């Protein structure tokens, strides 16, 4: 779906399923090689006379939609010294947003706290999305107001990117996973991607703006497709196979879990049959936590949670609190200090 297109309403999706009429979906997982140059960079703002630093939220997010709820978990990827784990914003009792990419923005030397998307998104939704019951299926999808709300905090920092950034036209610099259970529809997972556009003005000065997001539904799958794990990693070129691939390849770390833990074995069996929706939620939680523990890099952080129809969001292992940045931490970088920005080619 193009960035300028609106997501289908749930009614349209349900009717299309019955008729077997589906638009081809873009590939969910693909490699984006140039994005890393932007997101781990120190980004200059010439007009403001200060440096804007975008810290990357990076990691592996895995979602298991079971019979009685959704289990989700994430492992952090330490791609740079100041990178963060995936950030989580609770949008309602039964919906969360998981944010990846340039999710934390800092203006060194200003004394201002970091601008974090997991904090700003609920605020923007509260200001711009009506606090009314869920939209009727005949109306515009309620996903779009959330997708547009995230643009507000991004628009406060993206125009300060005044130098040319090496990023492909289709490469997202922020991704948002929307995970939840909707009454009358059931579990759903959407991936929203935000792209950056730059236009030359004069000399080395560029005008930057963020485009409306694209929408891709990751769960439920198309009719006839297996119901299995949903996984998103950021940066997308993060090396190594997906968790499901490791399971299918009989990776030794996961094989030992299956033989020693009955819950892991049952959850893995349902995945092998493409029947994740028939698994018990407790089994899914044990599977995710044990599996991600087994493949995690030592010293990295993890979170695990569930969303249930009756009880909503519950944390098994809550996300780590991001430490408050002290004033001395926001001073300008020393000359010659490491910077991961690549100069224009």
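Checking each residue in the range 99-112 for being at pLDDT below 90 and buried (at least 19 other Cβ atoms within 10 Å of the Cβ) picks out 106, 107.
Take residue 241 and decide whether it is under 27 Å from residue 99 (Cβ atoms), loosely packed, with under 14 Cβ neighbours inside 10 Å and free of Cβ contacts under 8 Å to residues at least 60 places away in the same chain. Give the derivation first.
Working: under 27 Å from residue 99 (Cβ atoms): yes; loosely packed, with under 14 Cβ neighbours inside 10 Å: yes; free of Cβ contacts under 8 Å to residues at least 60 places away in the same chain: yes.
Taking the combined requirement at face value, the residue satisfies it.
Residues in the range 244-276 that are touching a strand residue (DSSP E or B) at 6+ places or on another chain (Cβ under 8 Å) and over 23 Å from residue 233 (Cβ atoms): 275 only. Considering the range 318-345, the residues that are within 30 Å of residue 68 (Cα to Cα) and surrounded by fewer than 16 Cβ atoms within 10 Å (Cβ to Cβ) include one that is modelled with the lowest pLDDT, namely 321. Yes or no: the range 86-98 includes at least one residue that is surrounded by 21 or more Cβ atoms within 10 Å (Cβ to Cβ), at pLDDT below 75 and either touching a strand residue (DSSP E or B) at 6+ places or on another chain (Cβ under 9 Å) or part of a loop (DSSP other than H, G, I, E, B) (or both). No - not one qualifying residue is present in the range 86-98.
Within the range 41-69, being part of a strand (DSSP E or B), more than 16 Å from the chain's Cα centre (by Cα) and at pLDDT 90 or above holds for 65, 66, 69.
Pick from the range 199-225 the residues that are farther than 26 Å from residue 97 by Cβ and in contact with a strand residue (DSSP E or B) (Cβ under 8 Å, 6 or more places away or on another chain): which of them is surrounded by the most Cβ atoms within 10 Å (Cβ to Cβ)? Please lay out each step first, then the result.
The first filter runs over the range 199-225 and keeps only residues farther than 26 Å from residue 97 by Cβ, leaving 199-207, 223-224.
Filter once more, so that each one left must be in contact with a strand residue (DSSP E or B) (Cβ under 8 Å, 6 or more places away or on another chain): 199-201, 206-207.
On the way: 199: 8, 200: 10, 201: 10, 206: 18, 207: 13.
Ranking the qualifying residues of the range 199-225, first place goes to 206.
The condition (being crowded, with 17+ Cβ neighbours inside 10 Å and outside any helix (DSSP H, G or I)) is satisfied by just one residue among 304, 297: 304. Go through the range 271-288 and report how many residues are free of Cβ contacts under 8 Å to residues at least 40 places away in the same chain and surrounded by 15 or more Cβ atoms within 10 Å (Cβ to Cβ). Looking only at that region, the number is 2. Just one residue in the set 291, 256, 250 is without any contact (Cβ under 8 Å) to a residue 40 or more places away in the chain and either outside any helix (DSSP H, G or I) or surrounded by 21 or more Cβ atoms within 10 Å (Cβ to Cβ) (or both); that residue is 250.
Do you know which of the residues in the range 113-136 that are at pLDDT 85 or above and in a loop (DSSP other than H, G, I, E, B) is farthest from residue 158 (Cα to Cα)? Walk me through how you get there before you give the answer.
Let us first name the residues in the range 113-136 that are at pLDDT 85 or above, namely 113-125.
From what's left, in a loop (DSSP other than H, G, I, E, B): 113-114.
Details: 113: 17, 114: 14 Å.
The selected residue is 113.
Within the range 214-227, can one find any residue that is modelled with pLDDT of 95 or more, outside any strand (DSSP E or B), out of contact with any helix residue (DSSP H, G or I) (no Cβ under 6 Å at 6 or more places or on another chain) and over 30 Å from residue 121 (Cα atoms)? Yes, because at least one residue in the range 214-227 is modelled with pLDDT of 95 or more, outside any strand (DSSP E or B), out of contact with any helix residue (DSSP H, G or I) (no Cβ under 6 Å at 6 or more places or on another chain) and over 30 Å from residue 121 (Cα atoms).
The values are calculated or read from the model by the stated rules, or taken from the named source; none is laboratory data. Model, not experiment: these values are computed from the prediction. Methodologically, a virtual Cβ is constructed for each residue, glycine included, from the backbone with ideal geometry; neighbour enumeration extends over all protein chains shown.
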